[in-house]
Amino acid sequence: MTNVTLSIDDELLKKARLRAIEQGTSVNAEIRRFLEKYAGTRGAREASVQRIVELAQAAESRRGPNRWTRDQLHER
């Protein structure tokens, strides 16, 4: 694997690190994922699955104290 040096604003990197921690990942992993997608090396299905996982994780972090019951979910 090759190392790459980037020039990034200190405040931007700080915010990116905090967001990565919240999402249980790292800035390095997110940059790698972006470059894979950008370069088109990931399959469309894999990218779709990854996006679904990301959306689920984002929804999980925003979930409030209210929880639905099984009956509420299946209410017609």
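Given the criterion surrounded by 10 or more Cβ atoms within 10 Å (Cβ to Cβ) and at pLDDT below 80, identify the matching residue among ALA47, ALA29.
On inspection, the qualifying residue turns out to be ALA47.
Report, by residue number, each residue of segment 26-46 that is part of a loop (DSSP other than H, G, I, E, B) and over 11 Å from ALA16 (Cα atoms).
Once the filter is applied, which keeps residues that are part of a loop (DSSP other than H, G, I, E, B) and over 11 Å from ALA16 (Cα atoms), segment 26-46 yields GLY40, THR41, ARG42, GLY43.
Which of the residues belonging to segment 8-22 are part of a helix (DSSP H, G or I) and among the acidic types (Asp, Glu)?
Across segment 8-22, the qualifying residues are ASP10, GLU11, GLU22.
For segment 1-28, which positions are under 17 Å from GLN57 (Cβ atoms) and either touching a residue at least 12 places away in the same chain (Cβ under 8 Å) or polar (S, T, N, Q) (or both)?
Once the filter is applied, which keeps residues that are under 17 Å from GLN57 (Cβ atoms) and either touching a residue at least 12 places away in the same chain (Cβ under 8 Å) or polar (S, T, N, Q) (or both), segment 1-28 yields ALA16, GLU22, GLN23, GLY24, THR25, SER26, VAL27.
The values are calculated or read from the model by the stated rules, or taken from the named source; none is laboratory data. Everything quoted here is computed from the prediction, not taken from an experiment. Heads up, the Cβs are rebuilt from the backbone with ideal geometry, glycines too, and the neighbour counts pull from every protein chain shown.
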